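The values are calculated or read from the model by the stated rules, or taken from the named source; none is laboratory data. Just so we're clear, the structure is a prediction, and the values are computed from it rather than from any experiment. Counting neighbours? That spans all protein chains shown, and the Cβs are built from the backbone with ideal geometry, glycine included. Quick note on the areas: whole protein, heavy atoms, side chains included, nothing else; ligands and nucleic acids left out. Shrake-Rupley method; radii C 1.70, N 1.55, O 1.52, S 1.80 Å.
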Amino acid sequence: MKKQKIKECKTNLFIKGISYTVVALFTMVCLLPFILILSASLSTESVISRQEFGLLPRGLTMTAYQWVFRYPKMILGSYGVTILMTVCGTLLGLFLIAMTGYALQRQDFPFRNILSFFIYFTTLFSAGMAPTYIWVSRYLNLKGSYFSVFLQLLMTPWLIILMKNFAKSVPYEITESGKIDGAGDFTIFTTLIFPMLKPALATVGLFLALGYWNEWYLSSLYLGSSVTYKPLQYYLYNVINMANALKSSVAGANVSITALPSNTLKMATAVIATGPIIFMYPFVQRYFISGIAIGAVKG
């Protein structure tokens, strides 16, 4: 027998139609900036200088991308460094933040109030750039090393607080059941608690990955020219600076300044830097909202 479809009333169909229309319009509004950036990156600099950006490239050219990829070995090396730091930093940071958040919400942990105070305190006050720079470069002797950037982004107080608040939603009876079976604290965490933190792990992991992927300021302070392959964002930042410097140096010569990419180069670097990380969001989207909501409402 064929299943009969249940007919929806006209009111529900009307509400659904309005909802889908609003969502579609909102999606188009969100996609519009990315379309403009992509279009501008494929446009000619001279045309962009005279006219505004458009949805379609004006004077289609790949000049901006040729400037970025004129040293393919350097750009591929920068991609490799950034991907390695992002993957390793996100995985290690997730594990450490999850352990810290779980320990701070344990009622039987004697030092949880003291440690929580220090973590909360650093969200209000920080040592500042100069003391941090002296501590990292002189006392830790990490200047010129990738660890000077890697370690500073590994854990942040806000992500620890978010993980701690989410860990409170895990029933304490699960920990007690593990103790009854003779499991240690680390075994309880890795086998029982850690798998139950998926929404928080996805949320925190996204923030960690974005932090590593978009980092350029610490690289400019601690790495500079001491490393062969710079992180991607810092490398693209240097490409834009070199193009602007070249444009300024030929301003008085008989060279057409509009032929040198400037605005289009910025758009091309935005596409190159943003494109890969965008593909990560769909995999964590379903956990992202629940992780933020649960982590925010718990006190």
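Just a few scattered comments:
- Only a single item in (1) hydrophobic (A, V, I, L, M, F, W, C); (2) at pLDDT 85 or above; (3) open to solvent by 30 Å² or more (accessible area, probe 1.4 Å) is not met by Ile174, and it is number (2).
- Subset tally (residues that are open to solvent by 20 Å² or more (accessible area, probe 1.4 Å) and in contact (Cβ under 8 Å) with a residue 40 or more places away in the chain) for the range 153-163: 4
- Residues of the range 245-277 that turn out to be at pLDDT 75 or above, within 23 Å of Ala209 (Cα to Cα) and either surrounded by fewer than 16 Cβ atoms within 10 Å (Cβ to Cβ) or over 17 Å from the mean Cα position of the chain (by Cα) (or both), as a count: 4
- Residue count for the range 38-62, restricted to those that are closer than 21 Å to Tyr235 by Cβ and open to solvent by 50 Å² or more (accessible area, probe 1.4 Å): 2.
- Enumeration of residues in the range 106-123 that are of a type outside the set (Lys, Arg) and not in a helix (DSSP H, G or I): Gln107, Asp108, Phe109, Pro110, Phe111
- Taking the conditions (1) surrounded by 16 or more Cβ atoms within 10 Å (Cβ to Cβ); (2) in a helix (DSSP H, G or I); (3) at pLDDT below 85 in turn, Met242 satisfies each one other than (1).
- Between Ala98, Ala103, the distinction of being part of a helix (DSSP H, G or I), free of Cβ contacts under 8 Å to residues at least 40 places away in the same chain and among the small types (Gly, Ala, Ser) belongs to Ala103 only.
- Of residues in the range 106-128 being among the hydroxyl-bearing types (Ser, Thr, Tyr) and open to solvent by less than 100 Å² (accessible area, probe 1.4 Å), the one nearest to Ala167 (Cα to Cα): Ser116
- Residues of the range 129-152 that are open to solvent by 30 Å² or more (accessible area, probe 1.4 Å) and in a loop (DSSP other than H, G, I, E, B): Leu140, Asn141, Leu142, Lys143, Ser145, Tyr146, Leu151, Gln152.
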